[in-house]
Structure formats: C-alpha cells, structure tokens
Amino acid sequence: MKITLSRCLLATAIAGFGISSVQAETTLRMAHFWPGPSGVNEDVLQAWADTVAEESGGELSIQMFPAGTLAKPDSIYEAAANGIADIGATAQGYTAGRFPLSQIVELPGVASTATQGACVLQTLYDDGHLDSEYEDTRPLFMFTTGPGGIHTIDTDVQTPADLQGLRIRRPTAVAGEMLENMGASPVGMPAPDIYTSMQRGVIDGLSFPWEGLKGFRVNELVSYHTEVPFYTLIFVATMNQRAYEGLSPEQQAVIDNNSGMKWAEKAGEVFDRLDVEGKQEAVDAGHTIREIENPLEHPDWQEPLQTGIENYLTQLEERGLSQAREVYEAALAASESCGTQQG
C-alpha cells in the first residue's frame, strides 16, 4: 500500500497552519491474471475498484495490475498475503493443495451456473467451513466460473473414449483428475499460457468455461466443443491484512460494504453473461458443439465423474481433513438454496 505523496504533503501543510487535516488518498495495488480488455477485468474487478473509489469519496484508489504484471498467476495469493500486492484476485487451484476444502465447490454437480457457484462458495466461507484456509489474508469476496467443458482443435469428443491420448490443459488438480479418469492426459498451466501453448502444439485442447474462450481468445484456435460440465473453477479476491488494518475506520467501512455475497453474486452474473457471449462466438464461427446433459447420470460419462468425486473426498480424509464430506454436503445444500434464490 502506498500513500499518494502530493496529498500527504497537502495534508501536512494544512495541519501545519492549524487547519483541520484532510484524509490523504490511499492507493491499493490489485493483482490478477485476467487480460486488461477482458470482461472479468472491466466488469468485475475494475467495477469493484470504481465503486470503492466512489464510496470513499476518492480517498481510496485501486491501481490495477492485470495479466500477471505484478505477480505470476500461481503467485498472486501469496503476493496478497505477504504485501507485494495489497489485493489479489486469483484461482485457488493455481496453488495446488493450498485450498482443498474450497475446491470441493469445483466438483461436478455442485453448481450449474456461475451465479449459483459464487453463491455456494461464498456461503461456505460465510458459514465458517473454510476459515482455516484463508487465515493469512482478509477475503473480500469469492466467485466461480460457470461449468467448464472440453474444447479441442480438431477432435470431435462425443464420449470419454475420444479423449484417449489427447493432451488437455487442466486448470487445477481437481479437474485434472477428472480428465485423467476420462482417458485424457491432463497438462497443468495457468489460463494466460493457453493460447501460445495451443499455437505451438503443446496441447490438443483444454478444459474451460465459455467465458474463458472469449476472454483469452481461445475460440480463434479450437473448432470442437463438448459441453460436459465436469468442473467449476473457483476464485477469491482477497486483501493483505496489514494493508486493511492501515486504513482509516471510514475506509475500512467502504471495503467491508463491498465484500461478501453482494459482490460474489455480481461477479457470478458477469461470468454467466460472458458464458453466453463466449458460446455465441463459437456458434457464429460455425464450430461443432456437443451437449452432454446430466453427465453424472449419463451412461458414458457417469463412472469417471462419480469416481473422481469419491476419490477427491477420500484423498482429503486421508490428509486428515475429516470434515471433507460434511463440507461437500454443505456445498450441495447451499447449491439447492442458491439455485432456489435464483429462481
């Protein structure tokens, strides 16, 4: 966190003349990995920053560092924790194994839209199920993508058998195990690396929500899409605790007023809109789109996905997280509640 010098000098000068001092403008550095022109940067993160600036009367200013310019995608959470960034927005799964209970929300069947997923994840945090995973920062709000599917350059994937031998980018280890169960060879990499990796032939396809295909221009490189909702990617926007404590009570109140479910749901609404736009882009380009409805009950897709869910919960229990199934059940209950709230 830095204090704008000119405002500080002005405040000091005014105080020196015995006049009531004014609050200096505080600039907070926000790091994330989405491209600057993307809808997520403009309509979620920049919109949040603009709201904070407005509600603080200009006392709080957010300096945005998109596209990993302040910290690499897999280092953004740590950057927020140690103060390199004052605020970070990132995917929890980019730090493998760091947020195992939170990533339960990534499992298939938990959320069918980004708005529902954001509500589920924020509910689990608000209800205290995830407290231990965020003790080193101050979470502002949590959100998710819509369900992710499979997108390939030149393979028409209709059943898991069609994935045999294909190198498919996976966003997190949770999604990677699902892909492996389906016969693919998962390759881990952050979203910003996908485009060049596909151009170079490093991967044959990827797992992504429709929003990501638009935001990272991947529709330019793929021709086949299989809508098999087998994961949801989760995110957190979180703040360095010392940076928060360094704010005035009035500034803290502005941050608090723009935290929690209000912004989780706003983010979800943006992701749902971008999903529609991303799919329409593929339709307009004449791509082949396959839709797999209810994959957890589909004869071809059910077994690898159900196995993946059970394996993940068992792995958490083996790590000593005895509450894993309790959190999973809480996620399913929240999913029902959040879905009802959306009508």
For the chain: accessible area per residue (Å², 1.4 Å): 41 Å²
Percent breakdown of C-alpha pair distances by 5 Å bin, ordered from the shortest bin, for the stretch 108-260: 2, 9, 16, 18, 16, 12, 10, 8, 5, 3, 1, 0
Name the residues whose placed amide hydrogens come within less than 5 Å of the amide hydrogen of residue 290, ignoring near sequence neighbours (fewer than 5 apart) on the same chain. 225, 226, 227
Volume per residue, Å³, of the convex hull around the alpha-carbon atoms of the stretch 207-249? 120 Å³
Among 215, 68, 246, residue whose mean-square fluctuation peaks in a GNM of the chain (springs only between Cα atoms under 10 Å): 246
Any chance you could list P(r) for the stretch 60-192, counting all Cα-Cα pairs in 5 angstrom bins from zero, rounded to whole %? 2, 9, 17, 20, 19, 16, 9, 5, 3, 1, 0
What nm value, rounded to one decimal, do you get for the distance between residue 273 and residue 112 when each label is placed 7 Å out toward the C-beta? 2.3 nm
Using only alpha-carbon positions, what ratio does the radius of gyration of the stretch 262-341 give when scaled by 2.2 N^0.38 Å? 1.48
Over the chain, what lengths in whole Å, largest first, do the semi-axes of the equivalent ellipsoid take, defined as the square roots of 5 times the eigenvalues of the alpha-carbon gyration tensor? 38, 22, 17
Which of 214, 279, 262 ends up with the largest GNM mean-square fluctuation for the chain, with Cα atoms connected below 10 Å? 262
Count the net charge of all other residues whose Cβ sits under 14 Å from the Cβ of residue 202, scoring Lys and Arg as +1 and Asp and Glu as -1. +2
First compute the accessible area of the chain with a 1.4 Å probe, then give the percent of it belonging to carbon and sulfur atoms. 47 percent
Projected label distance in nm at residue 84 and residue 167, using a 7 Å step from Cα toward the beta-carbon: 2.7 nm
Jot down the per residue volume, in cubic angstrom and as a whole number, of the convex hull over the alpha-carbon atoms of the stretch 199-343. 205 Å³
From most to least accessible, 1.4 Å probe, no ligand or DNA/RNA atoms counted, 337, 61 line up as 337, 61
Just for the chain, what percent of DSSP beta bridges are antiparallel, to the closest 5? 55 percent
Test of understanding: in a Gaussian network model of the chain with alpha carbons linked when under 10 Å, which of 128, 146, 205 would top the mean-square fluctuation ranking? 128
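The values are calculated or read from the model by the stated rules, or taken from the named source; none is laboratory data. For clarity, every value in this text was computed on a predicted model and none was experimentally measured. Note that each Cβ is placed from the backbone with ideal geometry, even for glycine, and that neighbours are counted across all protein chains shown. Heavy atoms of the whole protein, side chains included, go into the accessibility calculation; ligands, DNA and RNA do not. Shrake-Rupley method; radii C 1.70, N 1.55, O 1.52, S 1.80 Å.
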